[in-house]
Every structure is written in structure tokens, then in C-alpha cells.
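In what follows, a single structure is set out as C-alpha cells and then discussed.
The values are calculated or read from the model by the stated rules, or taken from the named source; none is laboratory data. Nothing here was measured: the structure is a model prediction, and the numbers come from that model. Every residue, glycine among them, receives a Cβ derived from its backbone with ideal geometry; neighbour counts consider all protein chains shown. Each accessible area value is taken on the protein alone, full model and side chains, heavy atoms only, with ligands, DNA and RNA left out. Shrake-Rupley method; radii C 1.70, N 1.55, O 1.52, S 1.80 Å.
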Amino acid sequence: MYDVEIEGVEVSETGAVDGGQTEGVGVSETGAVGVGWLRLRVQYDDSSEGDEEYVGDGQSGSSSDSDCPSWMLEDLEGPLDDDIFGSDDDNVDNVVWNDAMDRQDVDLCIGMKFPSREKYREALRDWAVRRGWDLTFVKNEKTKITAICKNGCDWRIHASPVMKTTTFQIKSIKGQHNCAHRIENKQANYKYIGKRIQDFVKDNPSEGLKSLKNKIRRDIQVDVSLFKVYRAKKYALELMKGDVKQQYARLYDYCATVCKHNSGSSMILKVDRCLNPPVLQRMYVCFGGLKEGFLDGCRPFIGLDGCFLKGMHKGQLLSAIGRDGNDNIYPIAMAYVEIEKHDSWEWFLNLLLRDIGSHDERGWAFISDRQKGLIEAVTQLGHSG
């Protein structure tokens, strides 16, 4: 065993000079350990005490290839950097799955690697649906996944982790598919369809379910129920807008950001801390810019109204509306409450008058449709509705 030095990096050779590949372990200047391949050229010289070795590109400043017989000049070629990290000429068996392949029709093959078990399942599902094949999972475990054709042909695919890592690799594909294309495919669940139609739903958010079902039949070539189309469209909208539940968890950040960049704003949250995690009960919003505009240029009339929220999370929205000098509607404040009742109206009006001033100071005139609990709340505050 002997040492050579490459650009200040000490490398210890671990293989014999036999015309094959020689692997070495090097320590970089930062202390990281890595495996590399060395190009070694061994030159025999009777007059020297030992062999002379150097690492280079096949050119020598002190000697040439003609100075010695060809059999004495060996070029131990190993993979270069491009071979280690992959190049455009790599065999398809060495392909590592990446995010750019998610929406492409990529053919699976033996040796293909995936970042995780879940990513392999997604790729296998997409591969099967695009070809009209339904699958049955014989093994669907953490350490191995084996699938066969649901129609009973001899096709079979098996994948498992690489060296006890999270990377999954296809180890074998046996048999041939001789099945006809199936339009009823269990692999085409609502999440898969939602991802496939995401761009279309983004451009056509009001598309009806029946027309969307026909498009799925034409483009994805699967026949699904209207309920699955509804769930797929809903999932596609969630992918674009983000999960609503996760957005609720960021309400504190939203309130802090609004107060920081819109001075004079009032953002009030009322939560039920008896539950874990805390559950939002009410939220009051009055932007500083709208409040100043109302006080400076609007008439002293305030309209009060409430409406139902029909989204994923129910509740009611209370609002206070003013009139500007051109008789246009001018929003003042709004609040999300669990239900429209006396207590919720009283809570909203107290916060509103704290921001815009009391009735005694400004002489506000309230206009409403005498909704439930509103009259009692206004009367309790000492105002007439």
C-alpha cells in the first residue's frame, strides 16, 4: 500500500495495479470523507529504485508513452465525476426519481430509485393508471412492496429499500402485461385525479361536475363517480389554496403581520383554550386604513348585518358598513362568530365603538334589519336601533 497526493488531498490506494478500477477514500480540506476513483499510470524503470506513479490525464511532462513498451504502460480507468453523480448518457436503470417526473409519463424499470416509499407508491400508481392496468398489492410493508396484475396475468413488480435507507429501488419486474385497458381502475383515487386535473380546475374553478367527469374520462381514461369527481375537485382546490386547517393555525401570525404593516388596526381573537389545540370562537377585524377613512370622510350612519358562512367551517359573519360622500358602501369592521345571538352582537359592538368612538362622542345612527339579538345588544348599550 502506498500514498499519492492530489491537489493537497491525501488519498490512500486500496487496490492492486491490475488494470482494473482502483477505489480510494479521500479526506477533503474541510474534513469530509468521500470515495473517489483514481486514474493511475504505472511506469516501469529499471534504473529507479521503485515504481513511479502519478495521477493525471494521460500526459506526462517527464516521459512519454513511447519511452517504454505498451505492456508496461497501464491505464487503470475508473468512473469520473460525471459517472459517479450521473450524466446525460447514464443508463435508464440508474435513474433517480425527482419532482420533475411527477407529471411525466415515465416508464418504470429495474434499478430505478425513489426518495421514499410514498414516492414509489405514487409513481407506481401513475404508471399503472396511464396504461390502464389495475394492481393488487401482495406485499405492502415498510420494507418491501410487491404488486401483481389484478386481472390475473403473470406480471409482477417488487421494490425494497437500499441498504436500510429510505430510498426505494425497483428490484425486479417479471412477466408481461397482456390485459386490455380498463376504464374502472381502483388506483385512480380522488387524490391522484385531483393532481392530474389541478391545472384545469385552476383555469376553470366553476366547472360543473358532469363536464369535469367527461374530461376525466377523455384525458385520464378512467370512469369515476360524481362523488369521486367532487372529492377530486375539492382536493385540487386545496392544493392550490392550501389546507384550510393549516391556515387557521397561522391566524396569530396573520394578526401580528396586519398590525405591524397597517398601523391602527384592531385584530382580536377569542379562542377556547379548554381544548387542545385551542379552537377559534370569534375573530374581530378592523383595518386602520378603513377606520381612518370612515372617520374622516363618511357620514355618521352605520349599517349592521350578518350572514351565514357556507364553507368547510361553519359560522356567521357580522359586519358594520358605512356610506361615503358619494353614497357608496364603505366597509368599517367585520367579525367571525360562532352564532348570531345577543352575546355575539354585544361583543362585536363593544369592539366597534372602542375603535370609532362612542355614541355620545360621535352621535352614530345605526341601521339594521332587526336581526336576532341585535336590538337587545343596541338597547343594552344605550342606543336606539
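List of remarks:
- Subset of the range 89-126 [at pLDDT below 80, farther than 30 Å from GLY194 by Cβ and touching a helix residue (DSSP H, G or I) at 6+ places or on another chain (Cβ under 9 Å)]: ASP89, ASP90
- Restricting the range 269-294 to residues that are of a type in the set (A, V, I, L, M) and at pLDDT 90 or above, the residue that is farthest from ALA377 (Cα to Cα) is LEU290.
- Which listed residue is at positive phi, of a type outside the set (Phe, Trp, Tyr) and either at pLDDT 90 or above or not in a helix (DSSP H, G or I) (or both), from GLY194, GLY264: GLY264
- Looking only at residues of the range 123-137 that are out of contact with any strand residue (DSSP E or B) (no Cβ under 7 Å at 6 or more places or on another chain), open to solvent by less than 20 Å² (accessible area, probe 1.4 Å) and in a helix (DSSP H, G or I), we find that the one that is farthest from GLN187 (Cα to Cα) is TRP127.
- Screening LYS210, LYS171 for residues that are out of contact with any Pro (no Cβ under 9 Å at 6 or more places or on another chain), within 30 Å of LEU237 (Cα to Cα) and not in a loop (DSSP other than H, G, I, E, B) leaves exactly one candidate, LYS210.
Yes/no matrix, rows are residues, columns are (1) in a loop (DSSP other than H, G, I, E, B); (2) without any contact (Cβ under 8 Å) to a residue 60 or more places away in the chain; (3) on the phi > 0 side of the Ramachandran plot; (4) surrounded by 14 or more Cβ atoms within 10 Å (Cβ to Cβ):
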position: ALA180; (1), (2), (3), (4): yes, yes, no, no
position: ILE183; (1), (2), (3), (4): yes, yes, no, no
position: PHE200; (1), (2), (3), (4): no, yes, no, yes
position: GLN221; (1), (2), (3), (4): yes, no, yes, yes
position: LYS233; (1), (2), (3), (4): no, yes, no, yes
position: ALA236; (1), (2), (3), (4): no, yes, no, yes
position: GLN246; (1), (2), (3), (4): no, yes, no, no
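- Subset of the range 269-292 [touching a Leu at 6+ places or on another chain (Cβ under 6 Å) and touching a residue at least 60 places away in the same chain (Cβ under 8 Å)]: TYR284
- Filter result for ASP134 (within 26 Å of the chain's Cα centre (by Cα) and of a type outside the set (Val, Ile, Thr)): no
- Scanning the range 138-154 for residues that are more than 27 Å from the chain's Cα centre (by Cα) and open to solvent by 10 Å² or more (accessible area, probe 1.4 Å) yields VAL138, LYS139, ILE148, LYS150, ASN151, GLY152, CYS153, ASP154.
- Residue in the range 366-379 that is aliphatic (A, V, I, L, M) and open to solvent by 60 Å² or more (accessible area, probe 1.4 Å) present: yes
- Test for GLU340: is it over 26 Å from THR257 (Cβ atoms) and open to solvent by 60 Å² or more (accessible area, probe 1.4 Å): no
- Hits in the range 159-178 - residues which are free of Cβ contacts under 8 Å to residues at least 24 places away in the same chain and either over 18 Å from ALA147 (Cα atoms) or open to solvent by 40 Å² or more (accessible area, probe 1.4 Å) (or both): MET163, LYS164, THR165, LYS174, GLN176
- Cβ pairs under 8 Å, 6+ apart, first in the range 293-320 and more than 21 Å from TRP364 (Cβ to Cβ) and open to solvent by 30 Å² or more (accessible area, probe 1.4 Å), second aromatic (Phe, Trp, Tyr) and not in a strand (DSSP E or B): HIS313/TYR248
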